[in-house]
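Every number here is computed from the coordinates shown, using simple stated rules; none is lab data. Owing to the predicted nature of the structure, the values given are computational and were not obtained by experimental measurement. Glycine also receives a Cβ, built like all others from the backbone with ideal geometry; neighbour counts cover every protein chain displayed.
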Amino acid sequence: MPRPPLSLPRIESSESLLAFLRGHLDWPLPTDALADELTFDWSGDELRLPRSASQKLGGGIIRQLRSFVSGQPWGAHSRDVGKFLKS
């Protein structure tokens, strides 16, 4: 039976994103882990972004979720500029 349409919650922090991924999408994330334990942080320089793209981060970072299972073929990223933003 198809699932009913998903009502997307307002995601305003790393913790609310992780709760959504765990609770609504059944991602295998540890329930006791903090966002900093589940992500790698990258600066524009580390990603070798052009200066114009790096400036759009406004001193912020790109967060990459760590792999959850061995051989995971996909990844997820978000942009953090002091205040959590959806990506």
**Report entry** Under 17 Å from the Gln72 label point (7 Å along Cα→beta-carbon), backbone N, the stretch 7-31
**Finding:** 14-31
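What net charge is computed for the residues neighbouring Thr31, neighbours being all others with C-beta under 14 Å from the C-beta of Thr31, Lys and Arg scored +1, Asp and Glu -1?
Around Thr31, the surrounding residues sum to -3.
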Query raised in the report: Of the GluC sites (Glu not before Pro) in the stretch 8-61, which ones lie in a loop per DSSP and count no more than 10 other C-beta atoms within 10 Å?
Result: none
